[in-house]
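Peer 1: Pasting in a structure now, in structure tokens, and then I'll have a few things to ask.
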Amino acid sequence: MGAGTVAKQFAEDSESVFLNVIRTAPEPINAQAIKAQVIEAGVKKVDADYRWRLFQRGVKWHPQITAVNKKYGWSAERQSARSSLDVLAGYPLKKLPPWVAQHLVQNVAAALDASGTTASGWDHEFEEARLVADLAVAVEALQSRGDTITEVVKLLTDETRRKRLWPLGRPGESLPFDPDSHEAESGAPDTGAVVRVVRSGYIWRGRGEPIVAAKAIVVL
């Protein structure tokens, strides 16, 4: 890729340029060397420094980047989908750069795709559905804070019904506490005590009796 092309791409999508430098480096590389390559390709130093500061805020969450001793390396093996879900659920999206959220969502989607081709049988089918249920729970937590993420919502829309997942309780609904279906946000309600749902769970209707894939979160 020519210097002019890199500079143009950097102006439109600086994150992908930084990622490509890290991905193609033969060994872990520090920030100074990363910026030096970008500057050598025709990007102004002031722009490279500014964009790097923004990039650095989110790079630690990327599912394929390792950061050790202030050097950044690319891992061919992605982090687990669970770790990506933890990030999506644990940080307000206004603090999570959109490009990072996109890679986290892609990591979860890749895990879903891979899970459909690496194993078979009832147990695996349920595990695949449970992963979607966990993702749905994470997204609901994001949305309850007023955050949105188009990529995750679209993924859920496509996946939940295809995986035969159905909501378990609706936020605001009052119902008897069932320890097999509900998880208390705090305390330990007695079985049968009236509780209020604050976050839906999910039931998997695969084969035979429905199975709880993710418990609903409730409060007294």
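Read the figures in this text as sums done on the coordinates, not as results from a lab. In this text, all values refer to a predicted model and were calculated from it rather than measured experimentally. Methodologically, a virtual Cβ is constructed for each residue, glycine included, from the backbone with ideal geometry; neighbour enumeration extends over all protein chains shown.
Peer 1: How far apart, in nm, are the 7 Å Cα→Cβ label points at Glu12 and Ser75?
Peer 2: 3.1 nm
Peer 1: Right, next: Per residue, how big is the convex hull of the range 3-63 when only Cα atoms are used? Give it in Å³.
Peer 2: In the range 3-63, the Cα convex hull volume per residue is 81 Å³.
Peer 1: Run the numbers for Ile211 and Ala25: contour at 0.36 nm per residue of separation, minus the present Cα-Cα distance, in nm.
Peer 2: 62.3 nm
Peer 1: What is the Rg over Rh value, at two decimals, for the range 29-80, using alpha-carbon atoms and the Kirkwood definition of Rh?
Peer 2: Checking Rg against Rh, the ratio lands at 1.01.
Peer 1: Moving on to the next point. Just subtract the alpha-carbon distance of Lys45 and Leu175 from 0.36 nm times their residue separation and send over the number in nm, one decimal.
Peer 2: Length gained between Lys45 and Leu175: 40.8 nm.
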